[in-house]
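Report on the following structure.
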Amino acid sequence: MVQPSKLGPVSAVDLHHAVASIEESVVAIVREASLPRLQERLGAEAGVPVERAGYQVLRAVAEQPSLRLGDLAHELGLDTSTVSRHVKALEGEGMVVRSGDLGDGRVARLELTDAGTEALGRLRRARHRFFAEALADWLPGELEALAPLLSRLAKDVTVRGGRCP
């Protein structure tokens, strides 16, 4: 299969190698970014001692206020009991609160507290610094080229994985 490109025809072998390289690179980034030692380091820099799942809970609740615990578990692809444990830890730190659902008393909705919002901001800034340091030697044009392509890849992977962005 030959597809046109701005550089001329591209062979199926070239496309296969490009896709394989992209896949391996994404896996390496995700693996490294998910390592507990990196999460501990970023949490320590931010002054927020939460594990990776705690960060993901804070992010998801910030993006979807009033999220139900079951919906959060589905969003994160984890068991409700696992997410409940993480939420309980964040509640203990004063970062998350549960509130009742007016329509169904059995349902709890999750909200970030002011402390949770502040903690999430500090964690995001620590993560931003990490990536800024990793990209420090890149040229501005390289960063400007990568950003929209990486965003597009993230969106396409999210959609193909069954979750709409």
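For region 95-111, the criterion of being charged (D, E, K, R) and either part of a helix (DSSP H, G or I) or within 26 Å of ARG37 (Cα to Cα) (or both) is met by no residue.
Of all residues in region 43-70, those that are over 21 Å from ARG109 (Cα atoms) have Cβ atoms under 8 Å from Cβ atoms of residues that are among the small types (Gly, Ala, Ser) and at pLDDT below 90, 6 or more apart or on another chain, in ARG52/SER34.
Taken together, the residues in region 60-90 that are buried (at least 16 other Cβ atoms within 10 Å of the Cβ) and within 17 Å of ALA119 (Cα to Cα) amount to 7. Selection of region 114-152 for residues being acidic (Asp, Glu) and more than 19 Å from the chain's Cα centre (by Cα) yields ASP114, ASP137, GLU142, GLU144.
The values are calculated or read from the model by the stated rules, or taken from the named source; none is laboratory data. All values reported here derive from a predicted model rather than from experimental measurement. Note that we place each Cβ from the backbone using ideal geometry, even for glycine, and neighbour counts take in every protein chain shown.
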